[in-house]
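Reviewing the structure listed below.
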Amino acid sequence: MNYLITGGKVLLTTADDLRIAEKDIYVRDGKIVGITEPAGQNHAPESGGKAAFAGENNGAAAFADEKFEVVDARDRLILPGLINLHTHAYMTVMRNYADDVDFDEWLFRRVMPVEDTLPMEGAYWSSLLGLMEMVRTGTTCFADMHMFEGQSAKAARDLGMRAYIGRGLVGEDLYTDGLSRFEQFLREQEAYESDLVKFAIAPHAIYSCSPRLYEQAAEEGRKRGLMLETHLSESDFEVDSAIGKFGKTPVAVLRDTGFLTERTLLAHCVKMRGDDISIIRDCGSTVVTNPASNAKLGNGFAPVTEFAEAGVNVTVGTDGVCSNNSLNMFREMGLLSTIHKGVRRDSTKAPAKSVVRMATANAAKALGRTGELGVIAEGAEADFSFLDLSCPSMIPQNNLIASLCYSANGGEVESVMIAGRWVMKNRHFSGIDEERVRREVEDMADKYLKK
Ligand SMILES: [Zn+2]
């Protein structure tokens, strides 16, 4: 289906700025093919109707001979889809299951034992619920880490969401400890990879994977052209034990394995010591900060302003709902900005424009897809969310970019299009039995978590 989205306000991204302007957007075969000045009174849209445009002005002439279904976007703000670069969608069943406990208790005595008992098929429903929450709050693309990556991939495929699904790994050696898992990964990649769903290799962390495994993962990533993901320097425990064991920080260990590449996503990066920041910059890897998760687990916060000042590409993730407990990128952007203003005691730090860029254009850069994702521009993928500007949180419109960071709560998101297809329209998902998703996840929580 081809669309003309007209009458709305659009978030536009340039090399170093963001601005809001009224534009018409032409979508053909899942991509943005034109952005023109608003057609004006002559082309007052009839929502859902077909319209042939005379295109006598404003650049619309190029589309004069084509039919586009008109999308009436009056009173709507159109955003490029937000990109959540670190999460664990399958954990959604564990929402509000392990709160207000210390990090060791949380990870080793609450999360990991339950993870081991959850059935593989349950991961599908749990992931799907997580994906629905992401879409409802304007996220169109996410990077995931998971042991049952095929289930997350299937959920992304069924919902029509863009995804980079990381195969979670732990152990000493990819080919002895994990050969069957890696073979399974390759089979699932073959089964589920598509234009929307891509795969990645995701060793868990330096305290659960050997340097050798990181080295092998890096080599497989390079050979197969895959993204790499890992958790890095999340807690003092992690950094102290790496220094005790290897005589260097986790960042330095990973650099020496060749894992820090331009296609590597580094979640957390809270506890930076010595040259860690410049190592990450020199390797061209991307930091994915998870402000809610890091603060809630008592680990602190990544030195986001220092990363940005050093020239590191900084992006945002929610982490899983077990540590956040939400997959809402609006909440994450707001927290990111306010935490860093507060911590630095400087209200000019982490300004709204930078934070919105982190969740859009910077994330696209991390995925090697600058100009294709995270922007509304000609040639980009048609991944949008439509925010209802009549919501109280968006009124008055003194500064809509500030609204996105400080006022919006995600409830403003009314419709979401991914690759030119309506994934959610007027808050209803197409092709998904929402009631069944809720029931399956509730049943699983009853069975495995409420013992
Ligand atoms: Zn994580």
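The values are calculated or read from the model by the stated rules, or taken from the named source; none is laboratory data. What you are looking at is a predicted structure, and each value in this text was computed from that prediction instead of being measured. Note: ideal-geometry Cβ built from the backbone for every residue, glycine included; neighbour counts use all protein chains shown.
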Subject >> Every residue from segment 369-420 that is among the small types (Gly, Ala, Ser) and in a strand (DSSP E or B) >> reply: 385, 415
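Can you report the number of residues in segment 295-321 which are out of contact with any Lys or Arg (no Cβ under 7 Å at 6 or more places or on another chain) and within 16 Å of the ligand (Cβ to nearest atom)? Give the derivation first.
Within segment 295-321, the subset out of contact with any Lys or Arg (no Cβ under 7 Å at 6 or more places or on another chain) is 295-304, 306-309, 314-320.
Then keep just the ones that are within 16 Å of the ligand (Cβ to nearest atom); that gives 295-302, 315-320.
Residues meeting the conditions: 14.
Can you tell me which residues in segment 72-89 are in a loop (DSSP other than H, G, I, E, B) and in contact with an Asp or Glu (Cβ under 8 Å, 6 or more places away or on another chain)? Can you show your working first?
Let us first name the residues in segment 72-89 that are in a loop (DSSP other than H, G, I, E, B), namely 73-75, 81, 88.
Across segment 72-89, the qualifying residues are 75, 81, 88.
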Original post:
Are there any pairs with C-beta distances below 7 angstrom linking a residue in segment 295-308 that is aromatic (Phe, Trp, Tyr) to a residue that is part of a loop (DSSP other than H, G, I, E, B), with the two at least 6 apart or on different chains, and if so which?
Top reply: 301/270
Original post:
Can you name the number of the only condition in (1) small (Gly, Ala, Ser); (2) more than 17 Å from residue 409 (Cα to Cα); (3) in a loop (DSSP other than H, G, I, E, B) that residue 326 fails?
Top reply: (2)
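Restricting the search to segment 278-294, which residues are within 14 Å of the ligand (Cβ to nearest atom) and either assigned to a helix (DSSP H, G or I) or not assigned by TED's automatic domain parsing to the domain that holds residue 357 (or both)?
Step one: filter segment 278-294 for residues within 14 Å of the ligand (Cβ to nearest atom), giving 287-294.
Listed by number, the residues that qualify are 291, 292, 293, 294.
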**OP:** Could you tell me whether any residue of segment 64-85 is in contact with a helix residue (DSSP H, G or I) (Cβ under 9 Å, 6 or more places away or on another chain) and within 15 Å of the ligand (Cβ to nearest atom)?
**Re:** yes
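For (1) touching a residue at least 12 places away in the same chain (Cβ under 8 Å); (2) surrounded by 18 or more Cβ atoms within 10 Å (Cβ to Cβ); (3) small (Gly, Ala, Ser), each residue gets a yes or a no:
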site	(1), (2), (3)
290	yes, yes, no
317	yes, yes, yes
332	yes, yes, no
362	yes, yes, no
370	no, no, no
Original post:
Which one is farthest from the ligand (Cβ to nearest atom), of the residues in segment 225-277 that are of a type in the set (Ser, Thr, Tyr) and part of a strand (DSSP E or B)?
Top reply: 264
